[in-house]
Amino acid sequence: MSLPDEPGTGRRRRSRWIAAVALGLISSSFSTIVSQLFAARIGRDAAVDWMTVAAIPARDWAIGAEPSWSAIVTGIAFHQWADFSWAVFFFGVLGRWTANLRPQTILLLALPWAVFSSSMEWFVLVPLFPFWQPLFSLQQPYWIGLLVHGSSAVMYPLFARLRWRRGQAPAQVVAFTNAWGAGAVSVIVLLGTIALLGSGGYEMPWRGHDREVDQTYLRHMTTHHEQGVGLARFAAAHARDQHLRKLAMLMVASQTGEIRIFAHWWRSWFDTDLPDCTAEERAAMPGFLTPVEMRLVKLAPPDQFDAVFVEMMSRHHRGAVKMADQMWHSGGDPRLRVMAHAIRHEQQGEIALMQGMSGLDAVVTATRNMLGDNVN
């Protein structure tokens, strides 16, 4: 299960911490690259996700209707620090039990560690102590963090090589870690190639069971989002509560990114531009506001605007949740279904955020939102 130590207790301890730091840099960088390249394949706007991560330490400063470069860089840096810290904790603080393990054993332990570390962040460290920031858990379902932590943890077997001085690692460790490192590079090259092709309009072909159902969902959710973006832009300019203004900006950023993904997938899968919805389709959509209701928001007195906006946007979000829930439980393209699950979670979370939910209530609500339609 474990390998013999190199001689010298002090040297052994020092090399363990140096290796843990080196691994933290490698694993966090690998997960950042994989997250950036893979996000769009499952319907995530990476820039919006980095902005949301930046809001954990930077709060409302990081949020804008368009993710700024400063927010993106802050989000990436915070993610790198978090993944780096988990790796250093695993092999530094817990090194008495983990530092001498074989790479295969490290891999078996690293994946449960990814579950533990992502759970600690999503359920405790971010929404409760020490950051007290409910936005992350309510905005992003837990599985996104798990995928990110998993991509970091798969680099942990390299520690078995890093802890040795150059030329002193056992042959079996060298062989395994050489192959593992080459595999990691191959994954990055593959994802980079897929991302490059995707940016040129050559996504993997549509893989649903009912073309009409998926096309209807894409058209309807795009139209639904467009109305939501218009309403949120108005709130970003007119809401009295500064936090509500920032939340409206986040709605603009996230739904605009999702609209771009819908249009991109439609062109790639069906080789046409995404067509608009008819007036009859709009009227039949759940949560789609009528012209009278839209005017009610825009003409609301300043001292009543926030309450009217929250009421109408909550109604609008509940409709989107219902539509996304139906897609999640359909036989649609897997990418559409995964994205629909995230939209269902995100829009339920924004309803809770508009109501000022925080603390343990936010954690409980986020968990319920992730498991189902919690508002209809």
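The values are calculated or read from the model by the stated rules, or taken from the named source; none is laboratory data. Just so it is clear, the structure is predicted and the values come from calculations on it, not from any experiment. FYI the Cβ positions are ideal-geometry reconstructions off the backbone, even for glycines, and counts take in every protein chain you see. For accessibility, only protein heavy atoms count, side chains too; no ligands or nucleic acids. Shrake-Rupley method; radii C 1.70, N 1.55, O 1.52, S 1.80 Å.
Things worth noting here:
- If only residues of region 78-108 that are among the charged types (D, E, K, R) and surrounded by fewer than 20 Cβ atoms within 10 Å (Cβ to Cβ) are counted, the one that is nearest to ALA20 (Cα to Cα) is ARG96.
- Scanning region 225-274 for residues that are out of contact with any Asp or Glu (no Cβ under 6 Å at 6 or more places or on another chain), surrounded by fewer than 21 Cβ atoms within 10 Å (Cβ to Cβ), in a helix (DSSP H, G or I) and among the hydroxyl-bearing types (Ser, Thr, Tyr) gives a single hit, THR256.
- Residues of region 41-56 classified as touching a helix residue (DSSP H, G or I) at 6+ places or on another chain (Cβ under 6 Å) and closer than 20 Å to ALA82 by Cα, total: 10
- Looking across GLU350, GLU311, one residue alone is touching a residue at least 12 places away in the same chain (Cβ under 8 Å), in a helix (DSSP H, G or I) and out of contact with any strand residue (DSSP E or B) (no Cβ under 7 Å at 6 or more places or on another chain). It is GLU350.
- Some residue of region 282-300 being farther than 25 Å from GLN215 by Cβ, out of contact with any helix residue (DSSP H, G or I) (no Cβ under 7 Å at 6 or more places or on another chain), touching a residue at least 60 places away in the same chain (Cβ under 8 Å) and surrounded by 18 or more Cβ atoms within 10 Å (Cβ to Cβ): no
- Residues satisfying the stated conditions in region 1-20, i.e. open to solvent by less than 90 Å² (accessible area, probe 1.4 Å), modelled with pLDDT under 80 and among the basic types (Lys, Arg): ARG12
- The set of residues in region 160-215 being open to solvent by less than 70 Å² (accessible area, probe 1.4 Å) and of a type in the set (Phe, Trp, Tyr) consists of TRP164, PHE176, TRP206.
- Counted residues, region 54-73 - those being open to solvent by less than 50 Å² (accessible area, probe 1.4 Å) and in contact (Cβ under 8 Å) with a residue 24 or more places away in the chain: 9
- Matching residues, region 194-218, being among the charged types (D, E, K, R), within 28 Å of VAL34 (Cα to Cα) and assigned to a loop (DSSP other than H, G, I, E, B): GLU203, ARG207
- From HIS264, HIS220, residue being within 30 Å of ALA71 (Cβ to Cβ) and at pLDDT 95 or above: HIS264
- Residue-level check: of (1) open to solvent by 20 Å² or more (accessible area, probe 1.4 Å); (2) in contact (Cβ under 8 Å) with a residue 60 or more places away in the chain, ALA320 misses just (1).
- Single match in SER137, SER119 (criterion: polar (S, T, N, Q), closer than 25 Å to ALA342 by Cα, open to solvent by less than 50 Å² (accessible area, probe 1.4 Å) and touching a Pro at 6+ places or on another chain (Cβ under 6 Å)): SER137
- LEU23 being at pLDDT 95 or above, closer than 21 Å to PRO141 by Cβ, part of a helix (DSSP H, G or I) and open to solvent by less than 50 Å² (accessible area, probe 1.4 Å): no
- Evaluation of VAL148 against (1) open to solvent by less than 20 Å² (accessible area, probe 1.4 Å); (2) closer than 15 Å to VAL34 by Cβ (one fails), failing number: (1)
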